[in-house]
Amino acid sequence: MLSLHDLARRFPGPPPRPLFAGVNLELASGEFVAIIGDSGVGKSTLLHCIAGLDRPDAGRVVVDGVDLMTLDDDGATILRRQKLGFVFQAFHILPWLDLAANVALPLGLLGHGAAESRRQATAMLDAVGLGDRAASHPRELSGGELQRVAIARALAHSPKLLLADEPTGNLDPDNASRVLDLLATQVRQRGAACILVTHSRRAAAVADRVLRLTAVGLVPAG
Ligand SMILES: Nc1ncnc2c1ncn2[C@@H]1O[C@H](COP(=O)(O)OP(=O)(O)O)[C@@H](O)[C@H]1O
Ligand SMILES: [Mg+2]
């Protein structure tokens with residue numbers, strides 16, 4: 001589903017700032033990997049490279065058989081919309097749209113009709129325990145609930161790969177653990193692969209593998 005070959009990223013500076021090099025990964029369909037690592041080591045940058053939002057300085061990213069280097073910006077955008085889903089630490093739920101409209105966004109971007117998108121979005125909200133809140137507005141929700149909406153949105157278009165960047169970083173421990181369980185359950189039910197960047201020790205319990213990002217690559221986390 002995803003291959004990373006000798007990926008490297010550095011920022012030119014001044015002063016020049018090498019982040020990581022020699023990052024290799026083979027992620028199978030449906031596989032769930034957690035990535036941990038020190039703050040500033042480049043975990044978010046790595047996810048951006050995988051999503052085609054940032055370009056590595058060396059190496060290759062192959063998503064579902066497509067080498068991102070062969071795509072222009074429009075091609076990368078299309079691949080991202082079709083195949084990837086994202087969950088962020090800060091939720092990024094649009095405050096002026098109700099919950100169903102937020103979850104329907106990726107379907108709309110793929111050209112699905114409004115009524116069908118809303119029906120599917122409501123079914124997704126149901127799957128994350130918010131089926132009766134489709135017409136609620138984000139300001140009426142708690143942080144844990146907002147992240148459940150974000151998970152529903154990230155999976156609404158059945159992406160092959162979900163990228164989650166510290167999705168529990170803004171939640172208290174109880175909500176963090178509930179959101180993590182929900183994320184893992186939903187990802188597995190849909191057969192999506194997942195890369196979860198996290199500080200949470202519970203990640204080790206939900207992931208198939210836990211890797212640590214270091215300056216010299218991904219290593220098994222002990
Ligand atoms: N576009 C950029 N230009 C220069 N430095 C950047 C850029 N993006 C990120 N950085 C720096 O790279 C480092 C790694 O960032 P990040 O990937 O967010 O790390 P992590 O997610 O592991 O905490 C940080 O020090 C950040 O300031
Ligand atoms: Mg980060």
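The values are calculated or read from the model by the stated rules, or taken from the named source; none is laboratory data. The model shown is predicted, which means the values in this text are computed figures rather than measured ones. Ideal geometry is used to build each Cβ from the backbone, glycine not excepted, and the neighbour counts take in all protein chains shown.
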Requested in this report: For segment 184-196, indicate whether the set of residues that are within 16 Å of ligand 2 (Cβ to nearest atom), crowded, with 19+ Cβ neighbours inside 10 Å, of a type outside the set (Phe, Trp, Tyr) and under 20 Å from Asp64 (Cβ atoms) is non-empty.
Outcome: yes
Query raised in the report: Going by the conditions given, is Ala150 among the hydrophobic types (A, V, I, L, M, F, W, C) and either within 24 Å of Pro95 (Cα to Cα) or within 16 Å of ligand 2 (Cβ to nearest atom) (or both)?
Result: yes
**Report entry** Residue, farthest from Leu171 (Cα to Cα), within segment 102-126, restricted to residues that are small (Gly, Ala, Ser) and touching a Ser or Thr at 6+ places or on another chain (Cβ under 9 Å)
**Finding:** Gly108
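Each row is one residue, and each column tells you yes or no for (1) surrounded by 16 or more Cβ atoms within 10 Å (Cβ to Cβ); (2) within 19 Å of the chain's Cα centre (by Cα); (3) basic (Lys, Arg).
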| residue | (1), (2), (3) |
| --- | --- |
| Gly13 | no, no, no |
| Arg17 | no, no, yes |
| Glu26 | no, yes, no |
| Phe32 | yes, yes, no |
| Ile35 | yes, yes, no |
| Cys49 | yes, yes, no |
| Val66 | no, yes, no |
Query raised in the report: Looking only at segment 120-133, which residues are within 11 Å of Ala156 (Cα to Cα) and not aliphatic (A, V, I, L, M)?
Result: Gln120, Thr122
Requested in this report: May I ask you to verify whether Ser200 is small (Gly, Ala, Ser) and at pLDDT 95 or above?
Outcome: no
Query raised in the report: Only one residue in Val197, Val206 is of a type in the set (A, V, I, L, M), closer than 22 Å to Val41 by Cβ and within 16 Å of ligand 1 (Cβ to nearest atom), so which one is that?
Result: Val197
Report summary line: Going through (1) within 30 Å of Leu4 (Cα to Cα); (2) of a type outside the set (Val, Ile, Thr); (3) modelled with pLDDT of 95 or more; (4) surrounded by 16 or more Cβ atoms within 10 Å (Cβ to Cβ) one by one, Asn170 fails only at (3)
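Return the only residue of Ala58, Ala90 being closer than 25 Å to Arg202 by Cβ and surrounded by fewer than 16 Cβ atoms within 10 Å (Cβ to Cβ). Explain how you work it out, then say what you get.
Values: Ala58 fails: closer than 25 Å to Arg202 by Cβ.
One residue alone meets the criteria, Ala90.
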